[in-house]
Structure formats: structure tokens, C-alpha cells
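Read the structure below first, then the notes.
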Amino acid sequence: MDKVISQTSNGRVFLCSNCDKIHIEFYHFLFSFDEEAYDFFKNNITKIDGNYFENVNSGLHYRRKIIVPLGHRNVSMMLNQKELRELQLLLSQRTYNCLVNTFLSVKEIGMPIAAN
């Protein structure tokens, strides 16, 4: 059985019982790390100053201004402020139980308000 380490409305971090890797599912990204690589990724993501990079990259034509290289010269992850904060929260949580009392907005659930 997989052990959920942390979860938000758009992501989940869990330890896979089959491969002993830590998987991060976030929006449409999937990362699979051993413990050392996970710690490296987590430490780097939590140090990103989103305001700084949005200002530095303000002239770019991309909608998302926070660009995170992923170790291959042709691959980067692009985030906006909200996505960066959620990813940082996801990586900073220790257990799923930390988020049990977190309420999701209708927008985060992905339902139109009149969908009842």
C-alpha cells in the first residue's frame, strides 16, 4: 500500500510500496525520485522566490513567468504564483493528516457554482 506523504487539491506526494520511489503528482506533472533526489528537489522548490522571477521574466510572452529547469536543457516547468505556493505547500507537509481540515473552494474542486 502506498503511503501518502502530503496532498493538496492539485497534487499528491506518496511513497510507492512497489518501487520505493517518492512520486510527486502535481497538475499534469509526474516526478519520481529516490529519497536523496526528492530532498534536493524539495529544497530547491521551497527556496524559489516567485515574486522575483515574475518580475525578472515579466517581458516574456509566456503566461507563467516562474520557470524551473528540470535537469534537461529542453525541459522546464512553468508556474504562476498560485501554483508555486501550492507546490511549496505540498512539499513542505509531513503527512496527509496535516491537510485534513483544509477546505477547498468551488474553483479548486473544478465545479461550476451552479452544478448542484
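Does N44 meet the test of being in a helix (DSSP H, G or I) and either basic (K, R) or touching a helix residue (DSSP H, G or I) at 6+ places or on another chain (Cβ under 8 Å) (or both)?
No, not satisfied.
Here are some residues: I66, I45. Which one is in contact with a Phe, Trp or Tyr (Cβ under 8 Å, 6 or more places away or on another chain) and modelled with pLDDT of 90 or more?
Being in contact with a Phe, Trp or Tyr (Cβ under 8 Å, 6 or more places away or on another chain) and modelled with pLDDT of 90 or more holds for just one of I66, I45, which is I66.
Of the residues V100, V13, V4, which single one is of a type in the set (V, I, T) and at pLDDT 95 or above?
That would be V13, the only listed residue that is of a type in the set (V, I, T) and at pLDDT 95 or above.
Given the options S58, S105, name the one that is modelled with pLDDT of 95 or more and loosely packed, with under 14 Cβ neighbours inside 10 Å.
Among S58, S105, only S58 is modelled with pLDDT of 95 or more and loosely packed, with under 14 Cβ neighbours inside 10 Å.
Hey, could you check segment 25-55 for residues that are β-branched (V, I, T) and surrounded by 14 or more Cβ atoms within 10 Å (Cβ to Cβ) and say which is nearest to the chain's Cα centre (by Cα)?
Once the filter is applied, the top-ranked residue is I45.
The values are calculated or read from the model by the stated rules, or taken from the named source; none is laboratory data. Being a predicted model, the structure only gives us computed values, none of them experimental. Cβ atoms come from the backbone with ideal geometry, glycine included; neighbour counts cover every protein chain shown.
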